[in-house]
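Inspection log for the structure reproduced underneath, given as structure tokens.
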Amino acid sequence: MSFVYQPTEAQPRVIHADHEVLVVDKPAGLLSVPGRGEDRADCLIERLRGAFPTVLLVHRLDMDTSGVMVFGLTPHAQRHLSKQFEERRTKKTYVARLWGRLEPKSGTVDLPLIVDWPNRPRQKVDHAEGRPAQTDWRVMKASDAETRVRLTPLTGRSHQLRVHMAALGHPILGDPLYATGAAADFPRLMLHAESLRFKHPESGVMLGFNAPVPF
């Protein structure tokens, strides 16, 4: 799937920085890391490198998703944080606006996911070959037109929240891959990484960071 990358002019906001970790609020419309080709070189980690030359990737957010991301500033911090993500010891919450009224008030989606090879980067539900994926959801407010939910991914599959909500019949508003018609006709993907909790790689203290929801 080809698209013209027009990175947002909005800049990342530094939430926290010390000698080991950097936490930022990523704007929507910006790649986390460089894509293929010179036209996709502008990305979050490159913009951070000027002020934080030792910045190292730990995890990613989709280009269209905004919100909290953590980076390591030393190889030790990168390894330590990456292991926390791999072992699901971090805690993440997202806020999303969905098409239509989602009922009941809370639940869990448990649908295995796999890359949809002919339609990359799309993912799809595949009960035979897919990797396990679970998402908890809780309705914050709802109308017949749309539902605001808080999402807690229990696994970290690519596009997990987007595919899981679409599979419920309530795609995330503005999703260019999984929403269609009026549901897709929004200025951005209405998905935001609201909070992130992890253990500091040096002190071992559990830290929590939030970024206000921009929609």
Next on the checklist: Can you tell me the convex hull volume per residue for the range 93-215, based on C-alpha atoms, in Å³ to the nearest whole number?
Outcome noted: 128 Å³
Checklist outcome for this item: For the range 95-155, the Cα convex hull volume per residue in Å³ comes to 97 Å³
Checklist outcome for this item: Per the Kirkwood formula over distinct C-alpha pairs, the hydrodynamic radius of the range 1-125 in angstrom is 16.6 Å
Checklist outcome for this item: Largest-first ranking of Met63, Met206, Met190 by accessible area, probe 1.4 Å, whole protein assembly kept, is Met206, Met63, Met190
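Report, in listed order, any pair from Lys26/Lys124; Lys26/Lys105; Lys92/Lys199; Lys141/Lys199; Lys83/Lys141; Lys124/Lys199 with a Cα-Cα distance greater than 24 Å.
Lys26/Lys124; Lys26/Lys105; Lys141/Lys199; Lys83/Lys141; Lys124/Lys199
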Checklist outcome for this item: Here the net charge surrounding Met140, from other residues whose Cβ is less than 9 Å away from its Cβ (Lys, Arg +1; Asp, Glu -1), is +4
Checklist outcome for this item: Helix 75-86 sits off the longest principal axis of the Cα atoms of the chain, rounded to the nearest 10 on a 0 to 90 degree scale, by 20 degrees
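How much length, in nm to one decimal, is gained on full extension between Leu154 and Glu46, taken as 0.36 nm per residue of separation minus their Cα-Cα distance?
36.0 nm
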Item to check | Added length on full extension, which subtracts the Cα-Cα distance from 0.36 nm per residue, Arg79 to Ser106 | outcome: 6.3 nm
Checklist outcome for this item: Share of accessible surface on carbon and sulfur in the chain, whole %, 1.4 Å probe and ligands ignored, is 51 percent
Checklist entry - When the Cα centres of the range 147-183 and the range 114-136 are compared, how far apart do they sit, in Å? => result 13 Å
Checklist entry - Using every alpha carbon pair in the chain, what percent of pairs falls into each 10 Å bin from 0 up to the bin containing the largest distance? => result 8, 33, 37, 19, 3
Next on the checklist: Using Cα-Cα distances under 8 Å and only pairs 6 or more residues apart, what relative contact order does the range 52-158 have, in percent?
Outcome noted: 24 percent
Item to check | Mean accessible surface per residue for the chain, computed with a 1.4 Å probe while every protein chain stays in place, in Å² | outcome: 51 Å²
Next on the checklist: Using a 1.4 Å probe on the protein heavy atoms only, what accessible surface does Trp99 show? Give it in Å² to the nearest 10.
Outcome noted: 110 Å²
Checklist outcome for this item: If R0 = 22 Å, then His200 and Glu86, at their Cβ-Cβ distance, give a FRET efficiency to the nearest 0.05 of 0.80
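The values are calculated or read from the model by the stated rules, or taken from the named source; none is laboratory data. This is a predicted model, so every value here is computed, not measured. Please note: Cβ atoms are built from the backbone with ideal geometry, for glycine as well, and neighbour counts cover all protein chains shown. Heavy atoms of the whole protein, side chains included, go into the accessibility calculation; ligands, DNA and RNA do not. Shrake-Rupley method; radii C 1.70, N 1.55, O 1.52, S 1.80 Å.
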